[in-house]
Every structure is written in C-alpha cells, then in structure tokens.
Amino acid sequence: MKFIVAIFLHAFLAFAVGLYSQFPWWLFVGTSGIVAFFIMDSPAKSFFAGFLGVGALWAGLATGKDLANAHLLSSKVAQILPLGGSYIALIILTGFVGGLLGGFAALTGAFIRSKSTK
Amino acid sequence: MRIVPFIISAALTTGLVAVLNTPLSVGKTKTPRLGYFLSPQQGFWQNAEPENKSFDANIVVDGLQDKVEVLMDERLVPHIYANNDNDAYYTQGFLHAKFRLWQMEFQTYVAAGRLSEIVGPDRIATDRFFRRLGMLEGAEATMKKMANNPALQAAVTSYANGVNAYIKSLQPSQIPFEYKLLDYKPEAWTPIKTYLFLMFMSYDLTGRGTTTDLQMTNSKNYFGYEDFNKLYTNVQDSLDPIIPKGTVYEKASVAALAPATLDSLYFAKTGSVAPNGPEAPNKNNGSNNWAIAGSKTKSGKPILASDPHLGLNLPSLWYEVQITTPTHSTYGASFPGSPAVIIGFNDSIAWGVTNAGRDVLDYYDIKFKDSTMGEYWFNGAWQKSVIKEEIIKVKGQADSIDRVAVTALGPVMYDKSYNANGSDGKYLAVRWTAQDGSSGLQTFYELNRAKNFDDYMSAINHWTCPGQNFAFASVSGDIAIKQQGAFVARWNRQGDFIMPGQDSSYLWQGMIPASENPMMKNPERGFVSSANQMSTDSTYPYYLGAANAFPLYRGIIINKKLNAMFGVTPQDVQALQTNNDNIFAEMARPALFKFLNETRLNAEEKKYVDYLRNWNLRNDVNEKGASVFKAIWDSLEVAVWSDEFKNASLPLQWPDESTLLEQMLKDSVILFEDNVTTSNVKETMFDAVTAAIKKAMPQLAQMEKDGTLAWGAYKDTRVNHLLKIPSLSRLHLPIGGGVHIINATSANHGPSWRMVVHLVNGIEAYGVYPGGQNGNPGSKYYDTFIDSWAAGKYYRLLFLSKEAAKQNSQMKWRLTFTNS
C-alpha cells in the first residue's frame with residue numbers, strides 16, 4: 001500500500017511542480033526526495049516507487065501529447081536523436097529518463113531516513 | 001541516516017541532473033539538454049500541436065487603440081480587421097510571432113552577425129563577414145531615415161509592440177521547438193530587427209558581388225583582359241530585354257567618365273583575392289513577373305503574375321495575410337519580421353517584384369600606412385580611418401573581438417586578419433548601396449494603399465536597394481513595369497573587378513535619376529514581363545553591369561509565350577507559371593547535334609543520344625531526356641573549360657552557359673575548344689562533344705539502373721529546414737522545372753510564392769508557397785502547401801470584407817484582440 005501511495009505521490013508532485021515552467025525542469029528531484037523521506041520504505045522499494053512514479057508520469061504525458069499530435073513531431077525528433085524515427089522508442093526514452101532521476105532522487109531521500117542494517 | 005550510501009546516491013542524482021541538463025558534444029554538433037528537451041511539461045513534447053487544435057482565442061494585450069478581430073481560414077491564413085492601421089500592424093506582429101517567432105529572430109541573428117551566439121564557434125567567420133559588410137550600420141541608417149516618416153515609423157513600432165506582446169505572453173514551456181533544440185531563449189523584438197531583416201534581403205538579392213567581384217578579378221588576372229572579355233562577354237545575342245529592343249532612350253543626364261589609368265591600373269593584371277565569406281547568395285535568386293493587359297485576356301481585365309525565386313526553406317520566408325483597415329484592404333505574402341504585405345494586391349491594384357540584378361557593390365584596394373590600419377593613402381595624403389571593434393559573443397566560448405577599419409570608400413572587408421590563402425595581403429574596402437540604409441519599406445507601405453498607376457509610381461520611386469522590377473496592374477486597366485533602385489551611373493566594366501582605391505578617380509560619380517530607370521506602361525503588345533534578364537538593350541545610356549549577372553533564357557520563353565497568348569484566363573497564367581518547357585535545351589540540342597559524329601559512339605552511348613533526340617524538351621518529372629541533356633551539357637562544359645581553368649590557384653567562376661552555346665550556334669572559332677593538355681593534337685568542338693557524351697555515360701547508366709534517371713529524381717528537389725535538419729525538411733519532392741525554365745525549381749531553390757491576380761472588381765486571386773502558415777514542425781500546418789505547390793496547384797485566395805468573411809464557411813477560427 002505504502003508503495004502504491006508513494007508512486008502516486010511521486011507522480012502527482014512531479015506533475016504539480018512541472019506546471020511552473022519558469023522553474024528548472026528537474027525540480028521534481030526535490031519532491032521525489034521528500035516523498036521518499038516521509039514514506040519510509042526500503043531503499044530498493046523507494047527507488048522503484050520513484051522510478052515508476054516519475055517514469056509513468058513522463059511516459060504518460062508524452063503519450064498523451066503524441067496521440068493528439070498523431071506522432072507528427074515525435075517521428076521527426078526520433079530521427080534527430082537518433083532513434084530510427086520510432087515514436088515508441090522516444091516515449092520509452094522519455095519515461096526512462098524521468099524515471100531514472102525520480103528513482104535516484106527517491107533513493108537519496110530514503111537513505112536519509114533508513115537505518116543501517118548492520 | 002546511512003551516510004555513505006546517502007552521499008553516493010546524492011552525488012549520483014546530482015551528477016545525473018547535471019549531465020541531463022548540459023548540451024553534450026556528439027561529433028561536431030551539440031545535443032540539446034536531454035532532460036529538459038524530453039521533459040513532457042517543458043521540453044519538445046509541448047510543441048506537439050494537437051491535430052484538432054482550435055485557434056479561437058480572446059487575447060488581452062497592452063498597447064492597442066481599439067478592438068481587433070481576426071478570422072483565420074482553413075489554411076491558417078489570418079484576415080485582420082482593425083479600426084486603424086497601427087492596430088493592424090500590431091496584430092500582424094503578434095501573429096508573425098505566434099507562428100514564426102524562431103525564424104524571424106534567427107534571420108536577424110544571421111543578418112546582425114550574431115549566429116555564433118546561438119550555434120557556436122563554427123560560424124564566427126560568417127558573423128565577421130556580415131559585420132564587416134556593414135549590415136548593422138545599414139539597418140541603423142534605415143532607422144534614421146524612418147524618423148522622417150512618422151506614419152511608417154509608427155507602423156514598425158506597432159509591429160514590434162505586437163511581437164513583444166506575444167513574447168511576453170509566452171510561457172517558457174511554449175517557446176518554439178528550435179529554441180529548445182539549440183537551447184536559447186527569445187529576446188525582445190525591436191524596430192532595428194525589422195531593418196536588419198530587410199538588409200538581409202538586400203544582401204540575398206545584391207550581395208553576390210562580394211564573391212563574384214573577386215572571382216572576376218581572379219579570372220581577369222588569370223586570362224588577361226582580352227580573353228576575359230570574350231569568356232565573360234557582355235554581349236548576349238539572344239537577349240530579349242525587359243524593355244523591348246529598339247526602344248529609344250534619352251541621353252544620360254549623369255556622365256560616368258572612365259579614369260585615365262584604366263588600362264594600367266584596372267584592366268591590367270592586378271593582385272588577386274580569394275573570397276572568404278559565407279556561401280554567396282544563389283545566382284538564381286531571381287523571379288518571374290508579368291502583367292497582361294485586358295486586350296489579351298478573356299475578361300478584358302488585366303492579370304498579374306509574380307513568383308519570386310529564392311532558397312526554399314522551412315519555415316517559409318513568406319506568410320500569407322489579409323490586412324483590412326479603414327484606409328486599405330490588402331492581401332498577399334508578408335515577411336515574418338516586417339509589417340505590411342510585400343507581394344500582393346488590394347481592391348484596386350496588384351504588384352509583383354523580380355530582382356533587377358544590377359551591380360551595387362564594389363571593392364576598393366586600399367593602401368594603409370601599416371597593419372594597424374589607422375591611416376590610408378587617398379588623393380595624395382594620409383587619411384585617418386575609424387576602427388570599429390566588433391564583439392562577437394560565442395556560445396560556449398569567450399567573446400571573439402574583430403577590429404574593422406572604416407574608410408571613406410567603405411568598411412574594410414579583407415585585411416591581414418580576415419582573408420584566405422592567396423590574398424596577396426591586400427586590404428579591400430567594400431562599398432554597397434545598402435550600407436546607406438533605405439526607405440524601401442515605405443514603398444510597400446504605399447503599394448499596400450495604392451489605388452492607381454500614379455500611386456504605384458510614387459510608391460516605387462522611394463525604392464533604393466535591392467533594385468527590383470516592379471510589375472503593376474490595376475482594376476482600372478493599366479499595366480506597367482519599372483526597374484527601380486538606386487543604381488550607380490557606371491562606365492563600362494566599372495566595378496566588375498576590384499578597383500584601385502588610392503584616389504577618387506574610381507569612385508562612384510553619381511546615381512542614375514529614378515526618372516531614367518527603364519520603364520514601360522500599357523505597351524502595344526499587351527503585356528509587360530521580367531525574369532532577371534538585362535533590362536534594356538545596349539542603347540540604354542548606362543552600363544547595367546556584367547552580363548553574367550543576368551539570366552537570359554526565362555525572359556525569352558516568357559515573352560515568346562505571352563506574345564502567342566490571347567483570351568487569357570487566370571488558369572492559363574497558372575499553367576504558364578508552372579510551365580516546364582526548356583528553351584535553353586531547345587536552342588542547345590541542335591547545337592550539340594551539329595557537333596556530333598555518331599559513328600564515334602558505341603551502341604550504349606547511342607541509346608542515350610536517342611533519349612536526347614526523342615525528348616519533348618520539357619523538364620517534367622518523368623522525362624529521362626531532360627536528365628540526359630543536363631548530364632551531357634554539364635560534361636561538355638567540363639570538356640571545354642576544365643583544361644584551361646584547372647591551373648588557376650584561386651576560385652574562378654566558369655563562363656555562362658550562354659557563352660558556350662552562342663559560340664556553338666555561330667560558325668566562328670570557339671574559344672578554348674582545343675584541349676591544352678594534349679600537345680600534339682588540335683581538338684575541335686566535335687571532339688569535345690564526343691568526349692562529353694562518353695564522360696556522362698557511366699553516370700547516366702548508373703542512374704538508369706538505380707531508377708533515378710527521370711528528371712524529378714535526378715534533380716531531387718527539397719525544401720530544407722533553416723537548420724538543414726533532414727527530418728524537419730521535405731525531401732525528394734516530385735516536381736519538374738529547373739534553371740532557365742519558367743518553373744524555376746532547382747534542387748533547393750525556386751518559386752517561393754506563386755501568385756496570380758485577376759483584376760476584376762472584387763479581385764480573383766490564386767496563390768501557393770512551398771511551406772505552411774505555422775512554423776512549428778510539430779504542427780500539421782507546418783508544410784501543408786508543399787504537395788499542392790509541387791503539383792502546380794493553387795489555392796483560391798480569400799479576399800473578403802469582414803461581413804463576407806463572417807459568412808464564409810472556409811473561415812474556421814476567430815481571434816479577438818482587446819486592450820487590458
């Protein structure tokens with residue numbers, strides 16, 4: 001349950017701070033750290049909650065934009081980046097990049113609270 | 001707290017953010033900041049415009065006098081209805097920015113020599129070139145001239161306010177795609193940027209001399225003036241000038257006297273210089289325009305056609321707009337970056353422009369006292385120069401500082417710090433009419449409002465640079481054309497080469513009065529036309545400039561066709577504008593066969609010669625003969641010229657196609673037909689033609705095997721994104737035409753706006769350009785018109801009163817602008 005709540009909070013807070021585009025795009029690193037700090041869980045679980053929360057948010061938002069746009073821009077960007085023109089690869093990459101940062105941010109937050117297992 | 005894992009994890013997170021927030025080098029290019037770029041709330045995903053996006057909006061801004069209503073049609077063309085002119089231009093600025101902000105800013109960065117600021121050190125040489133040329137000084141001079149014209153100044157200011165109102169309303173997440181890709185942000189728009197953009201157009205249309213004057217000098221030095229004058233002849237036998245041959249001209253009122261030292265200091269072999277600037281503006285930057293009188297049209301009303309030939313880019317140079325205010329109602333193609341309509345029509349008149357191609361840029365060889373360039377020798381004394389310091393900001397590097405010496409003969413372009421191999425250490429100052437600024441925008445401002453021939457004449461007489469041929473037609477039945485610009489009164493060959501700059505004898509002696517520029521109204525033949533050819537025959541009392549600046553063939557075929565047309569309809573004019581007949585090949589094919597001895601060819605070679613023989617002389621998409629002709633002609637030029645040119649150490653321009661062709665058509669001795677690399681054989685034109693066919697053969701056979709021999713595939717037309725990114729460009733377009741053809745579409749150059757206006761009451765107009773109204777590559781309106789353009793199709797342009805527009809089913813969206 002805690003895990004599910006954490007995922008949701010990671011996604012929700014990352015979305016909320018992302019609405020303010022005058023701030024840096026990576027502001028969610030802070031919110032994900034805070035979420036992991038307050039929702040105590042093992043470092044591994046915290047990492048995955050952050051990864052899944054932010055990753056799903058980024059991939060989901062990208063998918064929404066992409067569907068409404070009929071893959072027009074994503075197909076072009078996926079040739080610039082270069083991903084062979086695959087919009088699916090671009091969405092996966094987007095989710096992965098967001099997820100990775102969310103995960104590490106959460107891991108960092110978790111380590112502040114977690115006790116040594118020794 | 002687990003200190004060590006925490007520190008490691010925190011460091012990893014920070015490092016990851018840093019890496020994802022930094023542009024990384026991949027080869028010569030930089031990636032965007034990947035995390036930012038991919039961020040769906042800030043990065044490029046925000047530019048993915050929904051397919052069914054509604055453009056309806058109630059926009060609240062500062063600085064309007066009254067409410068403005070804009071109806072946007074299904075092609076995303078705005079129809080602006082404002083209660084005063086300044087509000088209309090404010091709205092035009094806002095809409096240009098809304099749909100084309102990145103492009104309009106990028107173009108002014110190029111013009112101002114600020115490209116390094118956004119793309120990095122690779123472009124420092126380009127930036128130095130534009131700064132040395134005096135682009136900014138020209139724009140500033142233009143701005144000063146505007147102070148005498150409060151109405152126009154207000155228009156430019158209102159336009160800038162509109163652009164800035166949009167920039168101010170822009171959320172950081174909504175900035176155009178290219179800013180995100182290159183990682184910079186829009187800055188405020190100012191009137192000087194409008195003038196910088198117009199300077200860039202001047203450069204694009206008159207700046208070839210920055211390169212060709214050097215190449216011509218090199219050719220003269222290499223061949224000697226006598227041979228030069230044959231190779232780069234100013235005689236064009238087949239010329240059909242804009243003003244018909246036989247027209248009688250008044251005597252020149254401004255005399256241009258050739259200096260006494262001409263033979264020893266100018267035509268003699270002098271020092272050479274290799275050009276070092278950006279790629280010269282395309283030789284084919286030209287255009288077609290014509291106006292047909294009612295006597296030749298079906299309706300009895302004139303028809304005007306205009307298609308400017310420029311580099312084909314996305315986002316397009318052009319943006320369609322209708323501007324309607326109590327003072328005027330005008331429709332046409334506008335420049336994002338400038339107020340008003342540039343090529344278009346109103347309810348009374350229509351106008352179109354082609355490039356005059358006259359030489360308005362010269363180099364002077366300056367003698368400085370020493371390499372500090374503080375003093376230069378002029379008219380028998382040392383004169384002080386002004387040193388201006390150019391600070392060029394460079395992305396990811398320290399500023400680059402350039403010292404430019406400014407003399408009375410112009411700013412120094414080439415010196416010890418800015419030159420290329422083989423420049424002999426010369427100091428070359430560049431003098432260009434555009435450096436003086438221009439009130440050219442006033443011409444368009446007045447044309448937008450012109451009611452008749454007199455208004456047209458008084459509008460275009462303001463025009464200075466770039467010299468243009470203004471075609472005109474009115475609902476009241478007049479047609480006219482005038483070549484207008486500030487043209488230097490030159491002695492023969494003045495400025496074709498670098499000129500001595502140590503005294504005033506080689507300076508410009510005066511400008512030709514506007515009243516003596518070539519002009520024609522309501523001619524007997526029932527049409528006027530221009531296609532960048534020489535404007536007059538040699539009886540015109542002023543030197544027009546080197547003939548190789550003037551394309552010859554489009555003018556011939558346009559006049560031939562127009563002469564033969566009667567009962568003309570707008571559809572006939574569209575067909576003419578997209579016509580693929582190759583008049584050059586029509587003249588050159590018999591010349592080739594005249595020198596062809598087929599017994600010297602094998603069966604394979606004969607097969608391709610048959611393609612050429614059986615070709616219908618049209619450069620349509622599927623014609624193989626067109627490709628065969630082009631390949632053989634190109635290799636004939638190589639066979640004839642390359643042996644003489646290959647020992648030149650500096651870049652030379654090859655002679656024009658017409659030079660070779662006109663010699664082949666005459667039964668005279670052909671220059672350089674002997675291959676100088678063979679000592680014991682005397683080659684003739686027969687040998688050259690045979691060699692050309694044999695040389696072209698492997699390429700032709702390969703293309704036939706690959707299925708790319710058809711003309712469309714051979715030519716391979718594309719519309720490049722301004723950053724030349726393939727996935728943002730449109731490649732391999734199925735379109736015919738080419739150089740010397742009315743449909744002047746070459747690989748990445750051609751008709752950038754096709755317009756046909758039938759001057760009936762209420763106006764019936766058609767147009768198309770190879771692009772789309774929305775500059776966002778993530779919009780479906782980014783390249784909407786390209787397929788129609790390639791297919792030679794036109795859109796009926798909706799030119800409607802506000803009431804009619806509101807009833808029109810093709811109007812899809814409504815934007816209102818109100819003051820806060």
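The values are calculated or read from the model by the stated rules, or taken from the named source; none is laboratory data. Quick caveat, the model's predicted, so the values are computed rather than measured. Cβ coordinates were reconstructed from backbone atoms using ideal geometry, including for glycine residues, and neighbour counts include every protein chain displayed.
Among the residues that make up the stretch B:693-700, is at least one of them assigned to a helix (DSSP H, G or I), away from chain A (no Cβ under 14 Å) and under 30 Å from B:Trp102 (Cβ atoms)? Within the stretch B:693-700 (the criterion being assigned to a helix (DSSP H, G or I), away from chain A (no Cβ under 14 Å) and under 30 Å from B:Trp102 (Cβ atoms)), the answer is no, since none of the residues qualifies. Checked against (1) small (Gly, Ala, Ser); (2) within 14 Å of chain A (Cβ to nearest Cβ); (3) in a helix (DSSP H, G or I), B:Ala139 passes all but condition (2). With the structure loaded, tell me whether B:Gln483 is closer than 22 Å to B:Pro241 by Cα, at pLDDT 95 or above and part of a strand (DSSP E or B) or whether it fails that test. It is true that B:Gln483 is closer than 22 Å to B:Pro241 by Cα, at pLDDT 95 or above and part of a strand (DSSP E or B).
Scanning the stretch B:375-432 for residues that are among the β-branched types (Val, Ile, Thr) and under 23 Å from B:Trp508 (Cβ atoms) returns B:Val386, B:Val404, B:Val406, B:Thr407, B:Val412, B:Val430. Among the residues of the stretch B:603-615, just one is surrounded by fewer than 15 Cβ atoms within 10 Å (Cβ to Cβ) and touching an Asp or Glu at 6+ places or on another chain (Cβ under 7 Å), namely B:Lys606. The listed residues are B:Ile498, B:Ile557, and the only one of them that is more than 26 Å from B:Asn579 (Cα to Cα) and among the β-branched types (Val, Ile, Thr) turns out to be B:Ile498. Would you mind stating whether B:Phe444 is buried (at least 24 other Cβ atoms within 10 Å of the Cβ) and on the phi < 0 side of the Ramachandran plot? For B:Phe444, the condition - buried (at least 24 other Cβ atoms within 10 Å of the Cβ) and on the phi < 0 side of the Ramachandran plot - is met. Of the residues B:Lys251, B:Lys269, B:Lys245, the single one that is among the basic types (Lys, Arg), part of a loop (DSSP other than H, G, I, E, B) and modelled with pLDDT under 90 is B:Lys269. In the stretch B:1-28, the qualifying residues are those that are among the polar types (S, T, N, Q) and touching a helix residue (DSSP H, G or I) at 6+ places or on another chain (Cβ under 9 Å), and the one that is farthest from the other protein chains (Cβ to nearest Cβ) is B:Thr22. Every condition in (1) among the polar types (S, T, N, Q); (2) more than 22 Å from B:Leu265 (Cα to Cα); (3) surrounded by fewer than 19 Cβ atoms within 10 Å (Cβ to Cβ) holds for B:Asn379 except the one numbered (2). Can you name every residue in the stretch B:716-746 that is hydrophobic (A, V, I, L, M, F, W, C) and touching a Gly at 6+ places or on another chain (Cβ under 9 Å)? B:Val719, B:Leu733, B:Ile735, B:Ala744, listed by residue number. Filtering the stretch A:48-71 down to residues that are outside any helix (DSSP H, G or I) and facing another protein chain (nearest Cβ under 8 Å), which residue is surrounded by the fewest Cβ atoms within 10 Å (Cβ to Cβ)? Among them, the one singled out is A:Ala70. Restricting B:Gly772, B:Gly762 to residues that are part of a loop (DSSP other than H, G, I, E, B) and out of contact with any Lys or Arg (no Cβ under 9 Å at 6 or more places or on another chain) narrows the list to B:Gly762.
A quick yes/no check of all residues on (1) more than 26 Å from the chain's Cα centre (by Cα); (2) surrounded by fewer than 17 Cβ atoms within 10 Å (Cβ to Cβ); (3) without any contact (Cβ under 8 Å) to a residue 60 or more places away in the chain; (4) closer than 30 Å to B:Leu182 by Cα:
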{"position": "B:Asn675", "(1), (2), (3), (4)": "yes, no, yes, no"}
{"position": "B:Asp687", "(1), (2), (3), (4)": "yes, no, yes, no"}
{"position": "B:Leu700", "(1), (2), (3), (4)": "yes, no, no, no"}
{"position": "B:Thr717", "(1), (2), (3), (4)": "no, no, no, yes"}
{"position": "B:Leu722", "(1), (2), (3), (4)": "no, no, no, yes"}
{"position": "B:Pro726", "(1), (2), (3), (4)": "no, yes, yes, yes"}
{"position": "B:Arg730", "(1), (2), (3), (4)": "no, no, no, yes"}
{"position": "B:Ala744", "(1), (2), (3), (4)": "no, no, no, no"}
{"position": "B:Met755", "(1), (2), (3), (4)": "no, no, no, no"}
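Meeting the requirement of 2 or more residues that are touching a residue at least 60 places away in the same chain (Cβ under 8 Å) and hydroxyl-bearing (Ser, Thr, Tyr), the helices (runs of 4 or more DSSP H) wholly within the stretch B:143-231 are B:150-169, B:191-206, B:209-223. If the condition is being surrounded by 21 or more Cβ atoms within 10 Å (Cβ to Cβ) and more than 8 Å from chain B (Cβ to nearest Cβ), then the stretch A:16-32 contributes A:Phe28, A:Thr31, A:Ser32.
Here the strands (runs of 3 or more DSSP E) wholly within the stretch B:37-109 that include at least 3 residues being closer than 18 Å to B:Thr324 by Cβ, among the hydrophobic types (A, V, I, L, M, F, W, C) and more than 14 Å from chain A (Cβ to nearest Cβ) are B:68-73. Residues in the stretch B:598-624 that are touching a residue at least 60 places away in the same chain (Cβ under 8 Å) and assigned to a helix (DSSP H, G or I): B:Arg600, B:Glu604, B:Glu605, B:Tyr608, B:Val609, B:Lys624.
Within the stretch B:639-665, if we keep just the residues that are touching a helix residue (DSSP H, G or I) at 6+ places or on another chain (Cβ under 7 Å) and assigned to a helix (DSSP H, G or I), the residue that is surrounded by the most Cβ atoms within 10 Å (Cβ to Cβ) turns out to be B:Val640. Of all residues in the stretch B:292-325, those satisfying the criterion of being more than 30 Å from B:Asn161 (Cβ to Cβ) and in a loop (DSSP other than H, G, I, E, B) are B:Ala293, B:Lys298, B:Ser299, B:Gly300, B:Lys301, B:Pro302, B:Leu312. The selection criterion, being of a type in the set (A, V, I, L, M, F, W, C) and more than 26 Å from B:Leu797 (Cβ to Cβ), does not hold for B:Val757.
Every residue, every condition in (1) over 12 Å from B:Glu105 (Cα atoms); (2) away from chain A (no Cβ under 13 Å), yes or no:
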| position | (1), (2) |
| --- | --- |
| B:Ser173 | yes, no |
| B:Leu196 | no, yes |
| B:Ser202 | yes, yes |
| B:Leu205 | yes, yes |
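Considering A:Ala89, A:Ala110, A:Ala106, the condition of being in a helix (DSSP H, G or I) and either facing another protein chain (nearest Cβ under 7 Å) or surrounded by fewer than 19 Cβ atoms within 10 Å (Cβ to Cβ) (or both) is satisfied by A:Ala89 alone. A single member of B:Lys145, B:Lys168 is surrounded by fewer than 19 Cβ atoms within 10 Å (Cβ to Cβ) and either in contact with a Leu (Cβ under 8 Å, 6 or more places away or on another chain) or more than 29 Å from B:Ser727 (Cβ to Cβ) (or both), and it is B:Lys168. Note on the stretch B:776-820: among residues that are hydrophobic (A, V, I, L, M, F, W, C) and over 21 Å from B:Leu71 (Cα atoms), the one that is surrounded by the most Cβ atoms within 10 Å (Cβ to Cβ) is B:Trp789.
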